[in-house]
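Enquirer: Structure below; questions to follow.
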Amino acid sequence: MSQVWVEVQTSLRDRIEKNDWDIWIRPLTYKRADAQALVLAVPNRYFGDWVRETYLSVIQEEVARIAGASLDIRFEVHKT
């Protein structure tokens, strides 16, 4: 499933302006997945909330298209 996320990120480059992609999509990293959800790591809660509000629908569309299944997208703060 991590390869699906790589493909989704690549596809989103065509749908999101470059500067916004660099700021908001590039930092998202694959954390884990199961049959129901794809979990992405975010740097902090604010970042995750903003991406959810702004890009969740487009991320869900691309995940469904590439993975061939609708998955919940969840964001978890990456702890360093």
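Enquirer: Of the residues Arg45, Arg52, Arg26, Arg15, which single one is out of contact with any Leu (no Cβ under 9 Å at 6 or more places or on another chain) and touching a residue at least 40 places away in the same chain (Cβ under 8 Å)? Steps first, please.
Expert: Working: Arg45 fails: touching a residue at least 40 places away in the same chain (Cβ under 8 Å); Arg52 fails: touching a residue at least 40 places away in the same chain (Cβ under 8 Å); Arg26 fails: touching a residue at least 40 places away in the same chain (Cβ under 8 Å).
When all the criteria are applied, what remains is Arg15.
Enquirer: Quickly run through segment 32-66 and pick out the residues that are in a helix (DSSP H, G or I) and crowded, with 17+ Cβ neighbours inside 10 Å. Steps first, answer last, please.
Expert: Let us first name the residues in segment 32-66 that are in a helix (DSSP H, G or I), namely 45-66.
Selection gives Phe47, Gly48, Val51, Tyr55, Ile59, Glu62, Val63.
Enquirer: Right, next: For segment 67-80: of the residues being over 10 Å from the mean Cα position of the chain (by Cα) and among the β-branched types (Val, Ile, Thr), which is least open to solvent (accessible area, probe 1.4 Å)?
Expert: Residues of segment 67-80 over 10 Å from the mean Cα position of the chain (by Cα): 67-72, 76-80.
From what's left, among the β-branched types (Val, Ile, Thr): 77, 80.
Numbers: Val77: 63, Thr80: 164 Å².
Ranking the qualifying residues of segment 67-80, first place goes to Val77.
Enquirer: State all residues of segment 1-31 that are outside any loop (DSSP other than H, G, I, E, B), touching a helix residue (DSSP H, G or I) at 6+ places or on another chain (Cβ under 9 Å) and more than 14 Å from His78 (Cα to Cα); if no residue qualifies, say none.
Expert: Val4, Trp5, Glu7, Val8, Gln9, Ser11, Leu12, Asp20, Trp21, Trp24, Ile25 - these are the residues of segment 1-31 that are outside any loop (DSSP other than H, G, I, E, B), touching a helix residue (DSSP H, G or I) at 6+ places or on another chain (Cβ under 9 Å) and more than 14 Å from His78 (Cα to Cα).
The values are calculated or read from the model by the stated rules, or taken from the named source; none is laboratory data. Here the structure is a predicted model, which is why all the values come from computation and not from measurement. Virtual Cβ from ideal backbone geometry, glycine too; neighbours counted across all protein chains shown. In case anyone asks, the SASA skips ligands and DNA or RNA and just uses the protein heavy atoms, side chains included. Shrake-Rupley method; radii C 1.70, N 1.55, O 1.52, S 1.80 Å.
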